[in-house]
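Notes follow the structure.
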Amino acid sequence: MSNFEETFDFVVVGSGGGSMCAALVMREAGKSVLILEKTSLVGGTTARSGGVMWIPNNPIMKRHGIEDSPEKAMAYLDNIVGDHADAPAATRARRQAYVTEAPRMVDFLLGQGIRLTRVSSWPDYYDERPGGSVPGRTVVAEMFDANLLGPWKNKLRPGFLPAPAMLEEFMRLARLHQSWSAKLLALRVGLRIIAAKLTGKHWLSAGTALQGQMLHVALQTGVEIRTEMPVHELIEAAGQVTGVITVKDGQPWRVGARHGVLVNAGGFAHNQRMRDIYQPGTSAKWTNAAPGDTGEMIEEMMRLGAAVGQMEEMVGYQTTLAPGTENNDVKPPVQSLTAAPHAILVDQSGVRYMNEGGSYMAYCKGMLERNKSVPAVPSWAVFDSQYIRTYMLAGTRPGRKKPKSWYDEGYLREAATIEELAHRISVEPVALKATIERFNVFVAGNKDDDFHRGDRAYDRWLGDPFHKPSQTLGTIAQPPFYAVPVVPGDVSTFGGVMTDEHARVLRTDSSVIPGLYACGTSSASMMGRAYPGAGSSIGPSFVWGFVAAKHAKEGLPF
Ligand SMILES: Cc1cc2nc3c(=O)[nH]c(=O)nc-3n(C[C@H](O)[C@H](O)[C@H](O)COP(=O)(O)OP(=O)(O)OC[C@H]3O[C@@H](n4cnc5c(N)ncnc54)[C@H](O)[C@@H]3O)c2cc1C
């Protein structure tokens, strides 16, 4: 160990989802931990996110009287994720480990003083399948006062929610124009803002509240966290990872790790070269991931012989690039746009080709798949005046008044008839008209015979709770008609190095690289090529960080 400038029991590369969870496990066992973060801010994409974790059979569900069980969760994962040759990270052993360890991880965090709750209703994304849950299996952080972080307050990566409200409350606020309870909620949030001003509180919610709380407890328990210290290299001795090389004061800085190294350095969403290799047709310009998500640690682990899997996968997120938002950290999401009544998605031939209510991953996969036979990137969200009157569009309030640049730059296309709209988006008018007429027949019968939109609770949840009889199906019938382009953006990549049920990194011959663990989007997801429910990225990142640390603390002497 004499080669090292410093030595810790455990070194974590990146301050992503699982990093601080792993660090807390280590600290509880009395081990020293160093987290090295490349950027100037802690928290990764996790801090920027909704902060939702998909945790089946979790203690908060139990507390709220919602029925779940390991068997039910396994039945669901077996059905959705399954065993597929092209999804090698999604083994049954890993699924079983996840279902066992995930609720334990939540218990552990609660025991550490992390305040967690759940979203009252967020159906699993395939709730109609065996083991699916309609109330959903989400765990989220309660709001957190950033001032508790003291000098670290400005080192936490900001989130995307602008006011002191829980994610669930934000979702309800989108109904401001439709519901008195949403108006009352807006009032409550307004009062909260005033109270915060008077009391000097700085409330964070969603992903920042989660990572803020984690950072707070990590600092209190003596986890060493250093920012602007990128890891360039893993140090290997006699076939095992013994430390990392980072940079200090412009010089290489070698840090030893007695119990191993955990890589939680995100995926490669911002690395166009890697995207072109593994995910051709996708763009780093469409991602919402944090800027540090550049993939070099995946390549570094590959250099040591790590196998990679499912590299083509991303957590797709349907995205529209309204003028002026192209460079936003978080682009305007349109998750609900085409799942709300009075809207559909069509390809460039004017044909509808999916259940617009599916998971965002399935949605974007559908776009990319369709694009192989018919141009579908971008596709067009097509809707009518009933839609624009009632629902938000790309972050703007309901109503026809939209930024002038939207019309001037040809982003929002408007037309008095379907035929004219078809011309405006260079689609064959007969095809678009036929698509809309067919959809309107489905609306009349309240049954989407082509794609079954609305058959499952999740599709309806994405729609409008006040729209009758269907929450998701509504005619496209009232002029003017509109279209905006939709691209398969993402919130992360989802492939990476192969790991086992202890989060140990595996070589191509399936042997373990001793001393090397990975979690989060640096690793190939145990969700395989599916996204079972909200939080299927951050949940696993925390759980595999927890699992890795539990394994590593037992000791890998060298
Ligand atoms: C707006 C938005 C909402 C989302 N909502 C959810 C949600 O609610 N639930 C969910 O499951 N998913 C959500 N996602 C996706 C989810 O946030 C990410 O998939 C997840 O946070 C990735 O976490 P991670 O643990 O892999 O790493 P990250 O949280 O991305 O952290 C990785 C960290 O490693 C650092 N790093 C990279 N390379 C190095 C290096 N060489 N040396 C040192 N440090 C390095 C990075 O700078 C970064 O800070 C959302 C994403 C976005 C953008």
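The values are calculated or read from the model by the stated rules, or taken from the named source; none is laboratory data. The structure displayed is predicted, hence computed values, not measured ones. Here the Cβ is made from the backbone with ideal geometry for all residues, glycine too, and neighbour counts use every protein chain on show. These accessible areas exclude ligands, DNA and RNA; they are computed on the full protein's heavy atoms, side chains included. Shrake-Rupley method; radii C 1.70, N 1.55, O 1.52, S 1.80 Å.
Among the helices (runs of 4 or more DSSP H) contained in the range 356-429, which hold 2 or more residues that are of a type in the set (A, V, I, L, M, F, W, C), touching a residue at least 12 places away in the same chain (Cβ under 8 Å) and closer than 14 Å to Gln335 by Cα? Before you say what the answer is, go through the steps one by one.
Numbers: elements: 360-370, 385-390, 404-408, 418-424.
Helices (runs of 4 or more DSSP H) meeting the threshold: 360-370.
Taking the range 377-392, which residues are under 23 Å from the mean Cα position of the chain (by Cα) and at pLDDT 95 or above? Spell out how you get there, then give the answer.
First, the residues of the range 377-392 that are under 23 Å from the mean Cα position of the chain (by Cα): 377-379, 381, 392.
Residues satisfying the conditions are Val377, Pro378, Ser379, Ala381.
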- Going by the conditions given, is Lys468 of a type in the set (Lys, Arg) and closer than 25 Å to Met297 by Cα? no
- Between a first residue in the range 205-216 that is touching a residue at least 12 places away in the same chain (Cβ under 8 Å) and a second residue that is among the polar types (S, T, N, Q) and part of a helix (DSSP H, G or I), which pairs have beta carbons less than 6 Å apart while being 6 or more apart in sequence or on different chains? Gly207/Thr46; Gln211/Thr46
- Message: Between a residue in the range 517-531 that is closer than 19 Å to Met302 by Cβ and any residue that is hydroxyl-bearing (Ser, Thr, Tyr) and within 9 Å of the ligand (Cβ to nearest atom), which pairs come within a Cβ distance under 7 Å, given they are 6 or more apart or on different chains?
- Response: Cys519/Ser541; Gly520/Ser541; Thr521/Ser492; Thr521/Thr493; Thr521/Ser537
- Pick out the one residue from Ala265, Ala269 that is touching a strand residue (DSSP E or B) at 6+ places or on another chain (Cβ under 6 Å), within 14 Å of the ligand (Cβ to nearest atom) and open to solvent by 20 Å² or more (accessible area, probe 1.4 Å). Ala265
- Note on the structure: Residues in the range 431-459 that are part of a helix (DSSP H, G or I) and open to solvent by less than 60 Å² (accessible area, probe 1.4 Å) total 13
- Query: Within the range 463-483, how many residues turn out to be under 22 Å from Ala534 (Cβ atoms) and crowded, with 23+ Cβ neighbours inside 10 Å?
  - Reply: 2
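Evaluate the following for Val231: is it touching a helix residue (DSSP H, G or I) at 6+ places or on another chain (Cβ under 8 Å), of a type outside the set (D, E, K, R) and within 11 Å of the ligand (Cβ to nearest atom)? Spell out how you get there, then give the answer.
Working: touching a helix residue (DSSP H, G or I) at 6+ places or on another chain (Cβ under 8 Å): yes; of a type outside the set (D, E, K, R): yes; within 11 Å of the ligand (Cβ to nearest atom): yes.
Yes; evaluated as a whole, the condition is true for this residue.
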- Message: Ile194 - would you say it is surrounded by fewer than 16 Cβ atoms within 10 Å (Cβ to Cβ), β-branched (Val, Ile, Thr) and more than 11 Å from the ligand (Cβ to nearest atom)?
- Response: yes
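Can you report the number of residues in the range 134-162 which are part of a loop (DSSP other than H, G, I, E, B), more than 16 Å from the ligand (Cβ to nearest atom) and touching a helix residue (DSSP H, G or I) at 6+ places or on another chain (Cβ under 7 Å)?
Just the residues of the range 134-162 that are part of a loop (DSSP other than H, G, I, E, B), to begin with: 134-137, 142-143, 157-162.
Keeping just the survivors that are more than 16 Å from the ligand (Cβ to nearest atom) gives 134-135.
Of the ones still in play, those that are also touching a helix residue (DSSP H, G or I) at 6+ places or on another chain (Cβ under 7 Å) are 134.
Of the residues in the range 134-162, 1 are part of a loop (DSSP other than H, G, I, E, B), more than 16 Å from the ligand (Cβ to nearest atom) and touching a helix residue (DSSP H, G or I) at 6+ places or on another chain (Cβ under 7 Å).
Go through the range 241-262 and report how many residues are open to solvent by 30 Å² or more (accessible area, probe 1.4 Å) and free of Cβ contacts under 8 Å to residues at least 60 places away in the same chain. Walk me through it before giving the result.
Taking the range 241-262 as the starting set, the residues that turn out to be open to solvent by 30 Å² or more (accessible area, probe 1.4 Å) are 247-254, 258.
Within this subset, residues satisfying the condition of being free of Cβ contacts under 8 Å to residues at least 60 places away in the same chain are 247, 249-252.
Number satisfying all stated conditions: 5.
Being farther than 17 Å from Ser19 by Cα and in contact with a Phe, Trp or Tyr (Cβ under 6 Å, 6 or more places away or on another chain) narrows it down to one residue among Ala548, Ala503, Ala530, Ala483; which is it?
Numbers: Ala548 fails: farther than 17 Å from Ser19 by Cα; Ala503 fails: farther than 17 Å from Ser19 by Cα; Ala530 fails: in contact with a Phe, Trp or Tyr (Cβ under 6 Å, 6 or more places away or on another chain).
Exactly one of Ala548, Ala503, Ala530, Ala483 is farther than 17 Å from Ser19 by Cα and in contact with a Phe, Trp or Tyr (Cβ under 6 Å, 6 or more places away or on another chain), namely Ala483.
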- Note on the structure: Those residues of the range 290-330 which are crowded, with 21+ Cβ neighbours inside 10 Å, within 30 Å of Ser405 (Cβ to Cβ) and charged (D, E, K, R) amount to Asp293
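Of the residues Val505, Val512, Val497, Val487, which is in contact (Cβ under 8 Å) with a residue 24 or more places away in the chain, open to solvent by 10 Å² or more (accessible area, probe 1.4 Å) and not aromatic (Phe, Trp, Tyr)?
Values: Val505 fails: open to solvent by 10 Å² or more (accessible area, probe 1.4 Å); Val512 fails: in contact (Cβ under 8 Å) with a residue 24 or more places away in the chain; Val497 fails: open to solvent by 10 Å² or more (accessible area, probe 1.4 Å).
Selected residue: Val487, the only one of Val505, Val512, Val497, Val487 that is in contact (Cβ under 8 Å) with a residue 24 or more places away in the chain, open to solvent by 10 Å² or more (accessible area, probe 1.4 Å) and not aromatic (Phe, Trp, Tyr).
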- Pairs with Cβ under 6 Å, 6+ apart, first in the range 223-240 and more than 21 Å from Pro151 (Cα to Cα) and modelled with pLDDT of 95 or more, second within 14 Å of the ligand (Cβ to nearest atom) and among the small types (Gly, Ala, Ser): Ile235/Gly243
- Task: Would you check if there is a residue in the range 339-352 being open to solvent by 30 Å² or more (accessible area, probe 1.4 Å), in contact (Cβ under 8 Å) with a residue 12 or more places away in the chain, more than 17 Å from Leu412 (Cβ to Cβ) and within 16 Å of the ligand (Cβ to nearest atom)?
- Result: no
